[in-house]
1. At 0.36 nm per residue, minus the direct Cα-Cα distance, what do Lys3 and Ser120 gain on full extension? Give it in nm, one decimal, please.
2. Rounded to the nearest 0.05, what FRET efficiency do Thr35 and Asn56 give with R0 = 41 Å and r taken as the Cβ-Cβ distance? Could you check?
3. Please give the contour-minus-distance gain from Thr146 to Lys83: 0.36 nm per residue of separation, less the Cα-Cα distance, rounded to one decimal in nm.
4. Compare the peptides 150-158, 137-145, 48-56 by average per-residue count of other Cβ atoms within 10 angstrom and give them in order, highest first.
5. Would you mind checking Lys3/Lys118; Lys39/Lys103; Lys3/Lys46; Lys103/Lys149; Lys3/Lys41 for any pair whose Cα atoms are more than 31 angstrom apart?
6. Using a Förster radius of 35 Å, what is the FRET efficiency between Phe94 and Asp134 based on their Cβ-Cβ separation? Nearest 0.05, please.
7. Output ³J(HN,Hα) for region 49-56: one whole-Hz value per residue in order, computed from phi by the Karplus curve 6.51 cos²θ - 1.76 cosθ + 1.60 with θ = phi - 60°, and x for Gly and Pro.
8. Sum up the charges of everything whose Cβ sits under 12 Å from the Cβ of Lys6, counting Lys and Arg as +1 and Asp and Glu as -1, but leave Lys6 out.
Amino acid sequence: FSKIKKFVYLSTASAAGSGNGKELIDENTPCSPSTNYGKSKRETEKLLLALHEKENFPAVILRAPIVYGPHDTNETRDLSMIKLIKYVLNDKFFLIGGGEGCKRSICYVGNLVEGALKASENEKSSGKTYFISDGEEKSLLEIAKTIAKVGGKNFKERHYPKVLANTMA
């Protein structure tokens, strides 16, 4: 490991889980991932942190939220920004339940890359975990309204009760 100056691991906010729903998740929030993807990322984080403790391996962990930007064509992800944009612009976006409470962080891909570069150059970042985002969390409804406004579309807000969604599922 002596030749490695810094190992930057791009993890995900899903590794932390969703918290208690009342407070923002940060680096001190106990991790409780709920998806297999989040669990696998968290396990890798734990391995890297243990390696840092035992062997002084220079790893830094960056947890990214929903990432957007040029060349985002992966529509298979549940929270792909390109998928969300297409839903809004094609009038197929709807919310199950309220909508205002479903807060998400987002991050422009260029900001994520800049954060990764800064973490790789910071001598004190080894063994640490950082969340990377563009700032405050926004609800999916707020994000959808912004997409519609930028896309020149009239936004039609549609909500469906959870009971109906569960029945249909």
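1. Numbers: separation 117, 0.36 × 117 = 42.12 nm, distance 1.40 nm.
Extending this stretch completely gives an extra 40.7 nm.
2. On the way: r = 32 Å, r/R0 = 0.77.
So the FRET efficiency works out to roughly 0.85.
3. Values: separation 63, 0.36 × 63 = 22.68 nm, distance 1.47 nm.
Separation in residues times 0.36 nm, less the Cα-Cα distance, equals 21.2 nm.
4. Numbers: 150-158: 10.9, 137-145: 17.7, 48-56: 13.4.
Ranking the peptides 150-158, 137-145, 48-56 by packing returns 137-145, 48-56, 150-158.
5. Details: Lys3/Lys118 19 Å; Lys39/Lys103 21 Å; Lys3/Lys46 22 Å; Lys103/Lys149 19 Å; Lys3/Lys41 25 Å.
Those over the limit do not exist; all pairs fall within it.
6. After rounding, the FRET efficiency stands at 0.90.
7. The phi angles translate into 5, 5, 5, 5, 5, 7, 10, 6 Hz.
8. Values: positive: Lys3, Lys5, Lys118, Lys124, Lys128; negative: Glu121, Glu123.
Its environment carries a net charge of +3.
Bear in mind these aren't lab numbers, they're just calculated from the coordinates by the rules spelled out. Treat the numbers as computed from the prediction; the structure is a model and nothing was measured. Note: ideal-geometry Cβ built from the backbone for every residue, glycine included; neighbour counts use all protein chains shown.
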